[in-house]
Amino acid sequence: MQRHKWIPLVLLRKLLTVAICSIAFVALFSVHVHVVVPSSKDHKFNDKILTPHDLQSWTRELAPPHLSKAPLPTPKLNGSRGDSDYEKLWKPPSNRGFLPCTKPTPNYTTPAESQGYLLVHTNGGLNQMRSGICDMVAVARIINATLVIPELDKRSFWQDTSNFSDIFDEEHFMNSLANDVKIIKKLPKELVNATRIVKQFISWSGMDYYANEIASLWEDYQVIRASKSDSRLANNNLPPDIQKLRCRACYEALRFSPRIEQMGKLLVERMRSFGPYIALHLRYEKDMLAFSGCTHNLSPDEAEELRMIRENTSYWKIKDIDPREQRAKGFCPLTPKEVGIFLTALGYPSKTPIYVAAGEIYGGEYYMAELHSRYPLLMSKEKLASIEELDPFLNHASQMAALDYIVSIESDVFIPSYSGNMARAVEGHRRFLGRGRTISPDRKALVRLFDKLDQGAMTEGKKLSNRIIDLHRRRLGSPRKRKGPISGTKGMDRFRSEEAFYANPLPDCLCRTEPPHLNVSLIVR
């Protein structure tokens with residue numbers, strides 16, 4: 001009888017055991033099986049396989065670990081400052097009612113009869129060539145020339161073999177400017193061997209120089225070849241229609257090729273999956289460090305390597321550089337470590353997604369380690385896209401730079417570590433579009449603070465944060481009139497010291513009263 005009473009109890013225990021095991025199994029399975037499908041076209045993005053970490057190739061990793069998981073939630077600030085302070089970090093400055101106004105004045109006419117052909121050999125990297133091309137459009141208009149599609153620089157440090165149509169939408173460029181300048185793809189066959197003059201136009205020249213001295217060359221030549229395109233046109237004191245033409249050329253006509261724009265848009269979408277993001281133009285690359293002579297915190301061997309590169313690059317005129325003096329004057333790009341301190345002081349939390357717009361970082365992971373420890377969500381085009389997706393652009397520095405340009409334009413915050421050609425181009429384009437925050441670090445002031453940190457005279461915390469925030473309250477890229485020459489400068493230095501036209505197209509191409517004549521919703525279509 002007693003035995004019969006135990007049978008139901010044993011059965012009950014077995015049932016409970018089975019039930020508990022089932023629940024545990026389901027829970028375990030739910031943790032390890034989590035499928036994320038952002039979109040059908042992103043299957044390669046989620047299927048990438050991790051490779052071992054390469055200390056000297058920070059930008060060469062196939063994918064960071066978190067890309068196999070769900071997108072991280074929008075990060076929140078740690079501490080008691082709350083959501084309102086977090087929102088301030090991303091809130092763009094007011095455009096103060098300024099909108100693009102690139103429409104010609106009523107007196108503007110169709111192109112005058114062509115006097116000859118203008119050949120252009122651009123020089124420099126992508127953004128230096130980009131601004132030079134836009135200037136040459138204006139020059140062609142001034143001297144009544146037919147512009148032949150410019151030849152891109154293939155001999156610079158980057159050794160990029162790309163042609164114009166590889167980077168830009170050639171047909172769109174020609175059609176968009178049809179009412180401004182006659183543009184053709186190639187010089188007519190009968191003029192290939194015609195007598196021509198190769199001319200290096202004087203830097204920062206105004207209207208009179210081109211309308212008189214250069215235009216007079218048509219009396220003897222049918223073809224004028226501009227040997228360089230960078231900084232050939234003045235920033236200020238040009239007729240309104242010439243300035244507006246420069247803006248139409250830069251922001252409307254000079255569009256990237258469809259395959260570059262498509263890839264750029266895909267990278268933007270993938271960055272957006274992590275929430276609002278910073279585009280960091282980290283100019284800590286071998287060419288910039290060699291050119292600028294900046295060797296702070298580098299080893300003697302690394303400093304010597306950079307010196308030899310500068311010494312052996314014939315078109316870099318300045319060879320002997322004092323690295324301490326360069327840094328003290330604010331002429332050096334911020335190091336990755338300094339960028340990390342800067343972002344932390346501004347209040348950006350550690351989970352902030354950051355897109356690193358750069359080529360291969362000098363020293364690889366060794367110099368990226370501290371920035372990476374502060375901000376683990378460091379992304380790049382090489383991390384966001386598969387090798388197969390990037391393959392058409394690899395070994396073409398200008399095309400890779402174009403992808404960085406697009407992601408930087410569309411970012412919520414853009415921060416350049418150095419005020420070079422790309423930094424100025426992106427800042428000006430974002431000003432024109434009224435797009436997001438642009439924070440330009442005051443490197444000269446920051447260096448003094450970083451030195452105090454290194455010397456132990458200051459520590460990271462509220463005091464440092466307040467100092468850095470106060471320095472940069474007015475450096476957010478809001479509309480303001482373009483700066484003229486620095487007081488006291490003379491000659492060529494006077495023009496050189498002016499704020500670049502493409503860094504700030506106000507007042508010529510931004511107006512409060514005239515409605516916009518450009519669809520500014522997106523630069524990537």
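Pairwise Cα distances in the stretch 393-516 exceed 24 Å in 44 percent of cases. Its residues counted as N, the stretch 341-431 yields a C-alpha radius of gyration over 2.2 N^0.38 Å of 1.12. For the stretch 265-309, the solvent-accessible area of protein heavy atoms averages 36 Å² per residue (probe radius 1.4 Å; ligands and nucleic acids excluded). Scoring 137-150, 257-270 by mean Cβ neighbours within 10 Å over their residues and listing the highest first yields 137-150, 257-270.
Across the options GLN159, MET129, ILE214, the greatest Cα extent toward the positive end of the charge dipole of the stretch 126-237 (unit charges at beta carbon of Lys, Arg, Asp, Glu) belongs to GLN159. Size of the stretch 158-291 from its Cα atoms: along the principal axes, largest to smallest, the extents are 60, 34, 33 Å. Compared with the alpha-carbon gap, the fully stretched path from GLU171 to MET492 is longer by 111.9 nm at 0.36 nm per residue.
Checking the table LYS182/LYS483; LYS381/LYS452; LYS154/LYS317; LYS189/LYS228 against a 26 Å threshold on Cα-Cα, which pairs fail? Violating the 26 Å Cα-Cα cut-off are LYS182/LYS483; LYS381/LYS452. Only the Cβ atoms of Lys and Arg (+1) and of Asp and Glu (-1) were treated as charged; on that basis the dipole of the stretch 361-510 about its Cα centre amounts to roughly 1160 debye.
Taking label points 7 Å from Cα along the Cα-to-Cβ direction, LYS481 and GLU325 give a separation of 3.5 nm.
Relative to its residue count, the stretch 238-299 spans a Cα convex hull of 200 Å³ per residue. Around the Cα centre of the stretch 307-387, unit charges on the Cβ atoms of Lys, Arg, Asp and Glu (plus for the first two, minus for the last two) sum to a dipole of about 140 debye. Which distance in Å, rounded to a whole number, links the C-alpha centroids of the stretch 155-176 and the stretch 299-324? Centre-to-centre (Cα) distance: 30 Å. Sequence-distant contacts, meaning Cα pairs under 8 Å at least 6 residues apart, place the relative contact order of the stretch 380-517 at 23 percent.
Applying a DSSP loop filter and a limit of 16 other Cβ atoms within 10 Å to the chymotrypsin sites (Phe, Trp or Tyr not before Pro) in the stretch 270-323 leaves TYR315, TRP316.
P(r) tail, the stretch 90-246: Cα-Cα pairs separated by more than 18 Å, 60% of all pairs.
For the stretch 283-389, the ratio of Cα radius of gyration to the globular rule of thumb 2.2 N^0.38 Å stands at 1.19. Solvent-accessible area per residue in the stretch 177-262 equals 48 Å², computed with a 1.4 angstrom probe and all protein chains kept.
Within the stretch 385-466, the proportion of Cα pairs with more than 15 Å between them is 68 percent.
Can you give the relative contact order of the stretch 158-279 as a percent, counting alpha carbon pairs under 8 Å and 6+ residues apart? Relative contact order for the stretch 158-279 comes out at 37 percent.
Surface composition of the stretch 355-462: carbon plus sulfur atoms contribute 48% of the solvent-accessible area (1.4 Å probe, protein chains only, all chains present). Remark: the stretch 77-148 projects, on average over all directions, an area of 9.2 nm² (convex hull of Cα atoms).
Take every pair of alpha-carbon atoms less than 8 Å apart whose residues are at least six positions apart; their mean separation over the length of the stretch 343-442 yields a relative contact order of 23 percent.
Can you give me the distance in nm between label points at SER314 and ALA178, each placed 7 Å from the Cα along the Cα-to-Cβ direction? Here the modelled spin labels are 4.3 nm apart. Debye calculation, C-alpha points only, no solvent: report log10 I(q)/I(0) for the stretch 162-203 at q = 0.19, 0.33 Å⁻¹, in the same order as the q values. One equal scatterer on each Cα of the stretch 162-203 leads to -0.88, -1.00.
The dipole here belongs to the stretch 235-381: it is taken about the Cα centre, uses +1 on the Cβ of Lys and Arg and -1 on the Cβ of Asp and Glu, and is about 700 debye.
The values are calculated or read from the model by the stated rules, or taken from the named source; none is laboratory data. This one's a predicted model, so the numbers in the text were calculated from it and none came from an experiment. Positions of Cβ are generated from backbone atoms using ideal geometry, with glycine treated the same way; all protein chains shown enter the neighbour counts. Calculation scope for accessible area: heavy atoms of the full protein, side chains included, ligands and nucleic acids excluded. Shrake-Rupley method; radii C 1.70, N 1.55, O 1.52, S 1.80 Å.
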